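Worksheet for the structure shown next.
The numbers here are math on the coordinates, done by the rules we state, and not lab data. Everything numeric in this text was worked out from a predicted model, so none of it was measured. For neighbour counting, all protein chains shown are included, and Cβ atoms are generated from backbone atoms with ideal geometry for every residue, glycine included.
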Amino acid sequence: NLAWRPGPGESLDPDVLRPVADPFEADGGLKLLKGNLGRSVIKTSAVKPEHRVVEAPAMVFESQDALETAFKAGKMDRDLVAVIRYQGPRANGMPELHRLTPTLSVLQDRGHKVALVTDGRMSGASGKVPAAIHLTPEAVRDGAIGRVRDGDVIRLDAVAGTLDVKIAGDELQRRAPPQPDLAANQWGMGRELFATFRAVAADAEAGAGCLQAGQF
């Protein structure tokens, strides 16, 4: 016979499953960040409260390989906001950047204030380092992240929901964005097959798709 048997009326382990009246977080584990760098999302559920606000000088890279090279050379042993740009949908298809997490976690474990800002993508396992990801507009579409320079002070505040580089707005706009050689982004891992789609891809916040509203 098939019979209904009622389950427990309350959690057997509140460290795993919490009641609605007493959640782990009052406002969930994802947050939108907005500021003069654009709009991004951050996963806060694995970030300790004491790490949710970071203000530190920027260290700018245009690939995750460049960041790892700098780390191995001992150039990152300090407070910093790692800026990884030209990783958005149009730049190179928005690859997964999760391999940066262990590197930045080492710096955090050494006692440094560390955060990541990128127009690229990370999975849900983004870890304990605060990471402002999917930044829109992306660098290749004239986003402000393309005008950030080494040493600019960036404030990531996951409590207030803000992401800003602390320089005057007019100065930021006056800066000419770099013109990096992105040729290497067009080859390998099947990227050759999708060049046409990348060229018309929407921003990350619109889904990075190539078919957009109003085209039909």
Region 31-174: relative contact order in percent, alpha carbon pairs under 8 Å with at least 6 residues between: 34
Lys pairs, the chain - Cα-Cα below 19 angstrom, 8 or more residues apart or on other chains: 13
Rh (Kirkwood; distinct C-alpha pairs) - region 31-174, Å: 14.7
Difference of contour (0.36 nm per residue) and Cα-Cα distance, ALA195 to ARG149: 13.7 nm
Highest-MSF residue in the chain out of ARG85, ARG141, ARG18 [GNM, Cα springs under 10 Å]: ARG18
Where labels lie 7 Å past Cα in the beta-carbon direction, separation of SER105 and LYS72 in nm: 2.0
Dipole moment magnitude, nearest 20 debye, the chain about Cα centre, only Lys, Arg, Asp, Glu C-beta charged: 220
Residue-wise HN-Hα coupling along region 106-123, computed from phi with Karplus coefficients 6.51, -1.76, 1.60 (Hz; x: Gly, Pro): 4, 5, 5, 5, 7, x, 7, 7, 9, 8, 10, 10, 8, 8, x, 10, 9, 7
Region 146-216 - Rg over Rh from alpha carbon coordinates, Kirkwood radius: 1.08
Volume per residue that the Cα convex hull of region 80-135 spans, once the total is divided by residue count, Å³: 63
Estimated inter-spin distance, GLN173 and ASP22, nm [label 7 Å along Cα→Cβ]: 5.2
